[in-house]
Number of protein chains: 2
Amino acid sequence: MEAEGSLQQAVLPAPIGCRVREVLDRVGDKWSVYVICQLGESPRRFTQLRKEVDGISQRMLTVTLRGLERDGLIHRQVFPVVPPRVEYSLTPLGRTLLCTLAPVLDWAATLSVRMS
Amino acid sequence: MEAEGSLQQAVLPAPIGCRVREVLDRVGDKWSVYVICQLGESPRRFTQLRKEVDGISQRMLTVTLRGLERDGLIHRQVFPVVPPRVEYSLTPLGRTLLCTLAPVLDWAATLSVRMS
DNA sequence: CAGGATCCAATGCGATACTG
DNA sequence: CAGTATCGCATTGGATCCTG
């Protein structure tokens, strides 16, 4: 990689496009970012997430959580009790992603205001 | 909206998740970000983009460009000549998005290194 | 050159039913 | 409670052919 400096500029080296795609392939689906934002507040249980992430099906919550776990963005902790209790939380890596996403959130918010 | 302050924190208010989805719905498809990165370098013609954005079909390039244009992220300029000449470029809004995306690029790059 | 139109395959996702 | 398994629909995207 030849240019790692001023990423503040609007003009970026081309190969970076692929990099973005890597990220988008991870969190660019319908629910991942939504779930990450929820876990950003505090650890959550399965059913709790299902209520908070509006409209998500039980299947997709499972699929999404599995994917995020496999990518090392969230941690899954099982408590060996009955009834089962499973808590999901962001890993340090997941938190860095959430931080990284913040400017994008901000951009989206600004855009929403303009388009009202 | 109740919290518009410190977006630098890892903990973000929940409703923001929807905001991210708005953005992801716009540029979270397979090719948009890729095209935006290319146009970030300089204006491009259709065929030129098709060569640079590796693997994109002619149909998807058309669809992607139309979408970005409708969302006000890129500008389409037609030169009334034969053979036709059409140039695409980022709008100011598109450039702000590209800037916003920079940290995400950086994050992805770091991640790639770790996972090698 | 820069597309529009059409057809088809792959995937994403929701609904539903069942389980330790 | 926290899942797994199966089905079927809707969307996405690629290939191909055609045009001003």
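FYI, it's all coordinate maths here, none of it is from the lab. Just so it is clear, the model here is predicted, and its values are computed rather than measured. Using ideal geometry, Cβ is built from the backbone for each residue, glycine included, and neighbour counts are taken over all protein chains shown.
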7 Å along Cα→Cβ for the label point: how many nanometres lie between A:Val63 and each equivalent label in the other copies, listed shortest first? 1.8
Report, by chain and number, residues whose modeled amide H sits under 5 Å from the one on A:His75, excluding near sequence neighbours (fewer than 5 apart, same chain). A:Ser89, A:Leu90, A:Thr91
Could you tell me which residue in chain A puts its beta carbon nearest the axis mapping A onto B, with the distance rounded to whole Å? A:Gly28, 2
Binned at 5 Å starting from 0, the alpha-carbon pair-distance distribution of region A:16-109 in whole percents comes out as 3, 13, 24, 26, 19, 10, 4, 2, 1, 0
Separation of the A:Val82 and B:Ser57 label points, Cα + 7 Å toward Cβ, nm: 5.3
